[in-house]
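S.K.: Quick one: structure below, then a few questions.
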Amino acid sequence: RALRGETGVGVEYRLRTGDTGEAWIGSFSFAPIRDEDGRLVGSVVTARDITERRRAEEAVRQVNADWAATLAAIPDLLFEMDRRGTYVEVWAHDPDLLVARRAALLGRTIDEMLPPDAARAALAALAVADAQGKSTGTRVHLATPAGLRWFELSIVPKDVVDGGPPRFTALSRDLT
């Protein structure tokens, strides 16, 4: 393609080695080389084997698909939050059990989104989970689009990854 005058960056090809026939994926960048008169006199091509990267990406896609299927099967509410109680992620099989829509929760804190009594109970459980490094829980009574509901809230600290900030997973089960 470079010898036809084309330029490409990160163009992928699935190839086979000549000796063993083993498949691999190459990422190629190429450009034509022209003389002073603009005539094509050569090309420059760089290639990189990205087979392992593509395998790793596929493995991640599969894990994400499995995780999404698992979340879709859970009738409970699942939240990821920081130690201040800020909603980082929200999963809900039944969005009518949330006190507000997912988009309204994200980036907001428990004390902004829950009534004072429920917020105090949830934040106290979060503080215990943070201080003790283990799962803790409480029960809260909330008004949702589905009506007044009792929820059992379990909060679990997540492992800190690469020195990142502490995160927590909260599972909220409708006990009504």
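The values are calculated or read from the model by the stated rules, or taken from the named source; none is laboratory data. Here the structure is a predicted model, which is why all the values come from computation and not from measurement. Methodologically, a virtual Cβ is constructed for each residue, glycine included, from the backbone with ideal geometry; neighbour enumeration extends over all protein chains shown. Side chains are part of the model used for accessible areas, which takes the heavy atoms of the whole protein and leaves out ligands, DNA and RNA. Shrake-Rupley method; radii C 1.70, N 1.55, O 1.52, S 1.80 Å.
S.K.: Counting Lys and Arg as +1 and Asp and Glu as -1, what is the net charge of the other residues whose Cβ lies under 13 Å from the Cβ of Arg149?
M.R.: -3
S.K.: Then there's this: Round to the nearest 10 and give me the degree value, 0 to 90, for the angle of helix 51-73's Cα axis relative to the longest principal axis of the chain.
M.R.: 30 degrees
S.K.: As an exercise, use a Förster radius of 35 Å and the Cβ-Cβ distance of Val9 and Thr70 to find the FRET efficiency, rounded to the nearest 0.05.
M.R.: 0.40
S.K.: Obtain the nm distance between the two label points defined at Thr20 and Leu148 by a simple spin-label model: each point lies 7 Å from its Cα along the Cα-to-C-beta direction.
M.R.: 6.9 nm
S.K.: While we're on this one: Percent of accessible area on segment 1-138 owned by carbon and sulfur, 1.4 Å probe? Could you put the intermediate results ahead of the total?
M.R.: Values: 4710 of 8770 Å².
Here carbon and sulfur together make up 54 percent of the probe-accessible area.
S.K.: Could you give the length gained by full extension between Asp82 and Arg120, i.e. 0.36 nm per residue of separation minus their alpha carbon distance, to one decimal place?
M.R.: Values: separation 38, 0.36 × 38 = 13.68 nm, distance 1.58 nm.
Once the chain is fully extended between Asp82 and Arg120, it gains 12.1 nm.
S.K.: Find the accessible area per residue for the chain; the probe is 1.4 Å, ligands and nucleic acids are left out, and the unit is Å².
M.R.: Value returned for the chain: 63 Å² of accessible area per residue.
S.K.: Okay, moving on. All other residues with a Cβ under 15 Å from the Cβ of Ser43 taken together, and with Lys, Arg as +1 and Asp, Glu as -1, what is their net charge? Provide the component values of the computation, followed by the final result.
M.R.: Numbers: positive: Arg1, Arg4, Arg34, Arg39; negative: Glu6, Asp35.
Result for the local shell: +2.
S.K.: State whether the chain is rounded, prolate or oblate according to the following rule on the C-alpha gyration tensor (a ≥ b ≥ c being the square roots of its eigenvalues): a/c under 1.5 gives rounded; otherwise a/b larger than b/c gives prolate, and the remaining case gives oblate.
M.R.: Verdict is prolate for the chain.
S.K.: Under a GNM of the chain (C-alpha, springs under 10 Å), which listed residue has the highest mean-square fluctuation: Asp35, Asp117, Asp94?
M.R.: Taking springs between Cα atoms under 10 Å, the residue moving most is Asp35.
S.K.: Once you list every other residue whose beta carbon is under 12 Å from the beta carbon of Asp130, what net charge do they have if Lys and Arg are +1 and Asp and Glu are -1? Mind dumping the intermediate values first?
M.R.: Working: positive: Arg83, Arg84, Lys134, Lys158, Arg167; negative: Asp82.
Around Asp130, the charge tally is +4.
S.K.: Sort 127-133, 15-21 for me by packing, meaning the mean count of neighbouring Cβ atoms within 10 Å per residue, highest on top.
M.R.: 127-133, 15-21
S.K.: How many Å³ per residue does the convex hull of the Cα positions in segment 87-176 occupy?
M.R.: 94 Å³
S.K.: A further question follows. Given the C-alpha centroids of segment 1-79 and segment 88-134, what is the distance between them in whole angstrom?
M.R.: 41 Å
S.K.: Rounded to the nearest 10 degrees, what's the angle between the helix 116-132 long axis and the longest principal axis of the chain, both from Cα atoms, 0 to 90?
M.R.: That helix lies at roughly 60 degrees to the long axis.
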